[in-house]
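Here's the structure, in structure tokens; my notes come after.
Quick note: the coordinates plus some simple rules give every number you see, no bench work behind them. The model shown is predicted, which means the values in this text are computed figures rather than measured ones. Note: ideal-geometry Cβ built from the backbone for every residue, glycine included; neighbour counts use all protein chains shown.
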Amino acid sequence: MPWQEWVGDKTVVEPSIYAADLSRLGDQVEALLDAGARIFHVDIGDGRFIEEITIGPIVVRSLAPLVHGRGGVLDCHLMVAEPGRQLAKVKEAGGDSVTFHVEAVEDVQVTVASARALGLGVGLALNPSTPVVAALAAADAVDLVLCMSVHPGLSGQAFMPEALPRVAQLRRLLPQEVLVQVDGGISLENARAVREAGARLLVAGSAVFWQEDPVASYQALVAEAEAGVP
Ligand code: DX5
Ligand code: ZN
């Protein structure tokens, strides 16, 4: 299970490059690598599962040498219909892990097995309205469960507070080695509470990249999340 090696016992803030200034993506990622970030969140959206067409494997391919060269990881959040069709392309481009939505597949187990066969890390994502039990059937086979705290689509949306009890519930129900990840509206105001609820992986887009100093904002989020370590 690669995620255990990547995370250890740390709390991780994952910059979401969807919110970056794409004209300066390499520089921004490099500055965050210098500040200690090692897991970068890549939002792949297809205009079908979500309305937005976001970024795709060609961006993964461009970033992979820089991120891998520094011992980093590209964590790809597939907000796409039929995610099984994208797995090999994401892997081939240099993706290290894929998280697909349970709402987007007919058979979760089959897609998990396909991702594993390619040597990818695997996560299951839950939209805010999807019952948390939807993640349990395949929980033994995955590295993480992503609890969305916004409706997937755009960076910069407000955190939905009802995500907190869902995170706590997932933490109680999932095997201990399966990580809980939260994505959407993470900020200095809620990072500690999200960590306290049991999430170890905090995705942050606008709270990093839409700030005047993305590196300082990343560091402040890490400190705030770590303050929530039980
Ligand atoms: C949106 C994406 C998120 C997004 C997070 O649905 O899945 O990863 O980039 O951005 P913020 O942190 O601004 O909500
Ligand atoms: Zn995401």
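As a proxy for reagent exposure, H77, H68 were ordered by neighbouring Cβ count within 10 angstrom, fewest first; the result is H68, H77. Taking each DSSP H run with n ≥ 4 as -39500 (n - 2.57) and averaging over every residue of the chain yields -10000 deg cm²/dmol at 222 nm. For the range 63-141, just say rounded, prolate or oblate: build the C-alpha gyration tensor, square-root its eigenvalues into a ≥ b ≥ c, call rounded for a/c under 1.5, and beyond that prolate if a/b exceeds b/c, oblate if not. Prolate shape, in that a/c is at least 1.5 and a/b is the bigger ratio. Computed 3J(HN,Hα) for the range 69-83, one whole-Hz value per residue from the Karplus formula 6.51 cos²θ - 1.76 cosθ + 1.60 where θ = phi - 60°, is x, 9, x, x, 9, 10, 9, 9, 8, 8, 9, 9, 6, 6, x, glycine and proline marked x.
Applying the Karplus relation 6.51 cos²θ - 1.76 cosθ + 1.60 with θ = phi - 60° to the range 166-183 yields 3J(HN,Hα) values of 5, 4, 4, 5, 4, 4, 5, 8, 7, x, 4, 7, 8, 7, 9, 10, 10, 9 Hz, where x marks Gly and Pro. Indicate the gyration tensor shape class of the range 189-230 (rounded, prolate or oblate), computed on the Cα atoms with a ≥ b ≥ c the square roots of the eigenvalues: a/c under 1.5 is rounded; otherwise a/b larger than b/c is prolate and the rest oblate. It comes out prolate by the Cα gyration axes. Considering only DSSP beta bridges where both residues belong to the chain, give the percentage that are antiparallel (nearest 5). Of all bridge pairs located within the chain, approximately 5 percent are antiparallel. Close amide-amide hydrogen proximity is noted between L179 and L144, V145, each under 5 Å apart and 5 or more residues distant or on a separate chain (H modeled in the peptide plane; Pro and chain starts excluded).
Karplus-based coupling profile of the range 90-107, in residue order and whole Hz: 5, 4, 5, 6, x, x, 9, 8, 10, 10, 10, 8, 4, 6, 9, 10, 7, 10, with θ = phi - 60° in 6.51 cos²θ - 1.76 cosθ + 1.60 and x standing for Gly or Pro. Within the chain, the ratio Rg/Rh, alpha carbon atoms throughout and Rh by Kirkwood, equals 0.92.
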